[in-house]
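Participant: Okay, here's the structure, questions in a sec.
Quick note: the coordinates plus some simple rules give every number you see, no bench work behind them. Only a predicted model underlies this, so the values are computations on that prediction, with no experimental measurement involved. Neighbour counts run over all protein chains shown; Cβ positions are idealised from the backbone, glycine included.
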Amino acid sequence: MSRTLLAGGLVFDVHTGRRERADILIEDQTLLAVGGADEFATDPHATIVNIAGKTVLPGFSNNHVHVGWSGMGWDGSPTGILRDQALQDSDGINGIKAVANLRKSLKVGLTALRDLGMNNSAFDANEALKRGMVKGPRLFIAGKAIMCTGGHTWWCGRQADGPEGVRLAVREQVKAGADHIKIMASEHTVQYTPAELQAAADETHLLGKRITTHSTLPQSIRNVVNAGFDSIEHGGFADDDVLATIAERGIMVIPTLSPNVLQTERGPGRGMPEDVLAARHVRFAKNPPGAALIKMRQAGIKFAFGTDAGSPCVPHDEILGEMRALLAHEVVTSPLELIRMLTINSAELRGDAEKLGSVEAGKLADLVVVDGDPLTDVEALGRVRHVFVAGEHLVVDGELHDWYTW
Ligand SMILES: [Zn+2]
């Protein structure tokens, strides 16, 4: 049995939005107690970590990542565009990228990642974590994303057609260890028929899992809602009756502003083709980033945090850019909403809020300690001093600690 006492901190309550002086006693993987000032200061069995004046939050989650993608630039960059990475890089290289990305994620306070598919790298990264070969955030994986023949990102997913074909593809991912299923339901047009989407959702639910989707067009969003999907990635414009249904059923949306915002900012310096950039500006002139998401917020739809990490110009340790963009584009209206997206909403999205997502006795000890008050200064969320995953102290005074276990 090991005990750690976090002494002198201010604990952030994601339910009330208040920060209060409390010490935290961790026993093995669990938060044994969250107490009043100095309540456990005399525990002789505990290793004491002094965090006087710092803020303790539940560990952060990034709910839209691709651990096998680098998040670098376009052609000409050391790793090439996504398609090149997917088709040309060996399994070994993909595995090494995944490990590097786990390490980067940990350092910015991420204690949970929800991977949304890219070859087999997430399966391998998960296996390495389970074997204790590497340390990192908890990893929840989709395995390969499922799309129709030639569908969105077909070059790195599992192409499947027809209701029976889609059912088989779902079963394969679950057999291989998927925690959830990702369906590509649109690209420039709607992809997949209502019957195929229904088969995907039914099969996923039959196997006790949750199903999410890349659906960015109004008709596609209507189709996945009708089929009973549990969440929607990126968000997009949808008809009012569909928005109302999404809110009513508690279907969560994971906005990902980072690709649009960071690529437009940095892409030109990193090999982004001029025509792609020009098309982006035309699109933003019509609808600024976040316009569809503001409508979703106004309809009462709940959001969870995600960056699409691994996309060009979106590295896995860059989560502050998404936070700033969510506030700047008014997708969220307060830092408290943002903190809930990072923590308790993420746990609800995965269905494990009884164990994770808030700092409460009895929950698992996934914690982030930051410098400053994130309610008055969102940049404080970037000043990560300590990170605990299941009670293990993996970031100490801002540095990765005891990371090599083999
Ligand atoms: Zn993605």
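Participant: Taking LYS286 as the anchor, which lysines have their alpha carbon closer than 24 Å to its alpha carbon, excluding any fewer than eight residues away along the same chain?
Facilitator: Straight-distance partners of LYS286: LYS295.
Participant: Angle between the Cα long axis of helix 274-286 and the longest principal axis of the chain, 0 to 90 degrees, nearest 10?
Facilitator: Tilt of helix 274-286: around 80 degrees.
Participant: Classify the stretch 237-371 from the C-alpha gyration tensor, please: rounded if a/c falls under 1.5, else prolate or oblate depending on whether a/b exceeds b/c.
Facilitator: Since a/c reaches 1.5 but b/c is at least a/b, the shape of the stretch 237-371 is classed as oblate.
Participant: If you don't mind, another one. Let me have the 222 nm mean residue ellipticity of the chain computed from DSSP H runs of 4+ only, each contributing -39500 (n - 2.57), with the sum over all residues rounded to the nearest 500.
Facilitator: The helix contribution divided over the chain gives -10000 deg cm²/dmol.
Participant: With both bridge residues required to lie in the chain, what share of the DSSP beta bridges run antiparallel, to the nearest 5%?
Facilitator: 45
Participant: Would you kindly state how much longer the chain becomes between LYS355 and HIS281 on full extension, computed as 0.36 nm times their sequence separation minus their alpha carbon distance, in nm to one decimal?
Facilitator: Stretched out fully, the LYS355 to HIS281 stretch lengthens by 22.3 nm.
Participant: Continuing with the same structure: Do any trypsin sites (Lys or Arg not before Pro) in the stretch 94-199 lie in a DSSP loop with no more than 16 other beta carbon atoms within 10 Å, and if so, which?
Facilitator: Sites meeting the loop and neighbour criteria: ARG131.
Participant: Answer rounded, prolate or oblate for the stretch 60-350, using the Cα gyration tensor with square roots of eigenvalues a ≥ b ≥ c: rounded when a/c is under 1.5, else prolate when a/b is larger than b/c, else oblate.
Facilitator: Rounded, since a/c falls under 1.5.
Participant: Continuing with this model, one more query. Please list, or write none, the lysines whose alpha carbon is within less than 16 Å of the alpha carbon of LYS107, excluding same-chain residues fewer than 8 places away.
Facilitator: Result set, ordered by chain and number: LYS97, LYS135.
Participant: Same structure, new question: Which whole-number percent is the relative contact order of the chain (Cα, under 8 Å, 6+ apart)?
Facilitator: Taking the mean separation of contacting Cα pairs over the length of the chain, I get 21 percent.
Participant: Between beta-carbons, use under 12 Å as the cut-off and find the net charge around ILE96, counting Lys and Arg +1, Asp and Glu -1.
Facilitator: -1
Participant: Please compute the contact order of the stretch 282-406 in relative form: average sequence separation of alpha-carbon pairs under 8 Å and at least six residues apart, divided by the residue count, as a percent.
Facilitator: Relative contact order here is 16 percent.
Participant: Do you know the relative contact order of the stretch 53-205, to the nearest whole percent, from alpha carbon pairs under 8 angstrom that are 6+ apart?
Facilitator: Computed over the stretch 53-205, the figure is 20 percent.
Participant: Please report the spacing between the Cα centers of the stretch 138-197 and the stretch 273-334 in Å, no decimals.
Facilitator: 24
Participant: Pairing the Cα long axis of helix 194-206 with the longest principal axis of the chain, what angle in degrees results, from 0 to 90 and rounded to the nearest 10?
Facilitator: Roughly 30 degrees, rounded to the nearest 10.
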